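Asks: For reference, the structure I am asking about is given below.
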Amino acid sequence: MSFPPPSTVDAPPFPFAAEDPDRLGMVSVDVDVTVGEHREWREVAHHRFVLAKADGVGSYVTGHRGPAGERHQPEFEALLGGELGRQHRDHRATYAELVLDQPLRRGEAQVLEWRWLFAGCHRTAHRYRGHLRAGVHSLGARLTFHPDALPMRVRHTWQPDPATCPETVRTVAVDRTGLVELLVPEPRPGWHSFHWDWE
């Protein structure tokens, strides 16, 4: 999942060539969301299986965008396949460049893992949303809720653009383990959201 390019308020333009779909494609996308005992954001981890469509692909750019008025921005941590390069922050978003361990040649694949950490964040979590620019083989979502703060259900919705009314893909009840796992084969490009209801 990717995000629109950031603004360049008080910062030089950020390089976004690494997100060019003609250079780097997604094979599979997985996201792991952790919500704390006070219903707050704790962590969002990402797992990507990417495929180079051109020689010399050396980085991948990812971002996290909060809601309007959100002041708390998470910290980025690279886990597998590369290390942190440049970063950009503005009033709503944080972007990070993941510099690959080795530049990829056309046809080569790479597994990338990173996470966003929300230390000190007290905002109640209600939804995770991300954008698929192109089709992939699979989209996976794993949501982990604290046993003392379990929502009633999780609803996966899809919309081709933010202005379109969301279409419900699947609704899953949350049991006492607090773990919800969803797998979507060949998901449609567009905005995929995972909502949960606290009451």
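The values are calculated or read from the model by the stated rules, or taken from the named source; none is laboratory data. In this text, all values refer to a predicted model and were calculated from it rather than measured experimentally. A quick note on method: Cβ atoms are made from the backbone with ideal geometry, for glycine too, and the neighbour counts reach across all protein chains shown. Ligands, DNA and RNA are excluded from the accessible area calculation, which covers all protein heavy atoms including side chains. Shrake-Rupley method; radii C 1.70, N 1.55, O 1.52, S 1.80 Å.
Asks: In a shell of Cβ-Cβ distance under 10 Å around T157, excluding T157 itself, what net charge do Lys and Arg (+1) and Asp and Glu (-1) give? Provide the component values of the computation, followed by the final result.
Replies: Working: positive: R127, R129, R155, R170; negative: E167.
Neighbour charge sum, excluding T157 itself: +3.
Asks: Within the range 77-106, list the trypsin sites (Lys or Arg not before Pro) lying in a DSSP loop whose Cβ has at most 13 other Cβ atoms in a 10 Å radius.
Replies: Numbers: sites: R86, R89, R92, R105, R106; in loops: R92, R105, R106.
Counting only loop positions with at most 13 other Cβ atoms within 10 Å, the trypsin sites (Lys or Arg not before Pro) in the range 77-106 are R105, R106.
Asks: Using θ = phi - 60° and the Karplus curve 6.51 cos²θ - 1.76 cosθ + 1.60, what whole-Hz ³J(HN,Hα) does each residue of the range 24-34 get, with Gly and Pro shown as x?
Replies: 9, x, 9, 8, 9, 10, 9, 10, 10, 9, 10
Asks: Given a 1.4 Å probe, how much area per residue of the chain is accessible, in Å²? If you can, show how the numbers build up before the last one.
Replies: On the way: 10230 Å² over 199 residues.
On a per-residue basis, the chain sits at 51 Å².
Asks: Give me the distance between the Cα centres of the range 150-199 and the range 43-61, rounded to whole Å.
Replies: 24
Asks: In Å, what Kirkwood hydrodynamic radius results for the chain from the alpha-carbon pair distances? Display every interim value, and only then the final one.
Replies: Details: mean 1/r = 0.0571 Å⁻¹.
The answer is 17.5 Å.
Asks: Which net charge results for the neighbourhood of V27, defined as the other residues with beta-carbon distances under 15 angstrom from its beta-carbon, given Lys and Arg at +1 and Asp and Glu at -1? Walk me through the intermediate numbers first.
Replies: Working: positive: R23, R48, K53, R106, R133; negative: D30, E108, E113, E186.
In short, +1.
Asks: Same structure, new question: Counting only other residues whose beta carbon sits under 12 Å from that of T168, what net charge do I get with K and R as +1, D and E as -1?
Replies: Details: positive: R153, R155, R170; negative: E167.
Taking every other residue near T168 into account, the sum is +2.
Asks: Run the numbers for E83 and L150: contour at 0.36 nm per residue of separation, minus the present Cα-Cα distance, in nm.
Replies: Details: separation 67, 0.36 × 67 = 24.12 nm, distance 3.43 nm.
My answer for the length gained is 20.7 nm.
Asks: Got a number for the accessible area of T157? Probe 1.4 Å, square angstrom, nearest 10.
Replies: Its heavy atoms expose roughly 0 Å² to the probe.
Asks: Counting only protein heavy atoms and using a 1.4 Å probe, what share of the accessible area of the range 119-166 belongs to carbon plus sulfur, as a whole percent?
Replies: On the way: 1330 of 2490 Å².
Taking all protein chains in place, the range 119-166 shows 53 percent carbon and sulfur surface.
Asks: Quote the relative contact order of the chain in percent (integer), defining contacts as alpha-carbon pairs under 8 Å separated by 6+ residues.
Replies: Working: 485 pairs, mean separation 48.0, N = 199.
The value is 24 percent.
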